[in-house]
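What follows draws every value from the coordinates through simple rules; no lab data is involved. Model, not experiment: these values are computed from the prediction. Note that we place each Cβ from the backbone using ideal geometry, even for glycine, and neighbour counts take in every protein chain shown.
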C-alpha cells in the first residue's frame, strides 16, 4: 500500500476538547468549546486559542482581554459538546449544562468547578489568520482539583480525571499510558541480588 496526497488541511489530531470560559460578570459569563488550543512557550508560560470572529465569545474575550482554558473529562463529554454547538447569544450555558462557574484568582472570567485543571489567561496579542483569530495569552494562574493530586508528592495525575480529546469531529477518551518522557533513553538500574 502506498501513500495518498490530500489537499492541505488541519490534520494535527487528536487535540484537547477544552471549555473556554469568558466574560467578566455573571450576566455575561459564557463557555465555548475549542480544540484549536495549545502551548506557545514554556518560559514565560504562554498558550493560545483560535476563535472565529463571528462566535459570541470572541467579543467577550477581545473586550475583557481574559479567558480560562478548562480541560474536560469523560464525565463532561455531553456538556462539552453542547457548549460547542449552542450559542451564548441564545443560552446561559452554565445554567443549561449544570456546570458551575466559580471566581478566578487572577482573572474576572470564571473557572469551571468540574474541570480538573483551569488555566487562567490574559491576552497578549491577537493575530488575524483567516477563518480564525489567534489569541496568544500569558498564563497567570493554574487551578488544579485536589482530587487528582498525589498526597505524598503533590504531583497532578490528569489520567485519573479521564480527560477527553477531539479528532475529526469525534470525542475520545484517552487510553493507557505508554511511558514517561525520556523513558526511551533511561538507564536501567543494576540491581545486585543477594546470594
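Quick check on the chain: helices-only [θ] at 222 nm, where DSSP H runs of length 4 and up contribute -39,500 (n - 2.57) each and the sum goes over total residues. Nearest 500, please.
-3000 deg cm²/dmol
Quick check on the chain: what are the equivalent-ellipsoid semi-axes from the Cα gyration tensor, as sqrt(5λ), descending, whole Å?
Semi-axes, largest first: 32, 23, 17 Å.
At a 10 Å Cβ-Cβ cut-off, how would you order 50, 57, 159, 184, fewest neighbours first?
Ordered from fewest to most neighbouring Cβ atoms within 10 Å, 50, 57, 159, 184 come out as 184, 159, 50, 57.
So how do 72, 37 line up by other beta-carbon neighbours within 10 Å, fewest first?
Fewest to most other Cβ atoms nearby, the residues stand as 37, 72.
Please arrange 32, 102 by how many other C-beta atoms lie within 10 Å of their C-beta, fewest to most.
If I rank by nearby Cβ atoms, fewest first, I get 102, 32.
Would you work out the relative contact order for the chain, in percent, from Cα pairs under 8 angstrom that are 6 or more residues apart?
Once normalised by length, the contact order is 22 percent.
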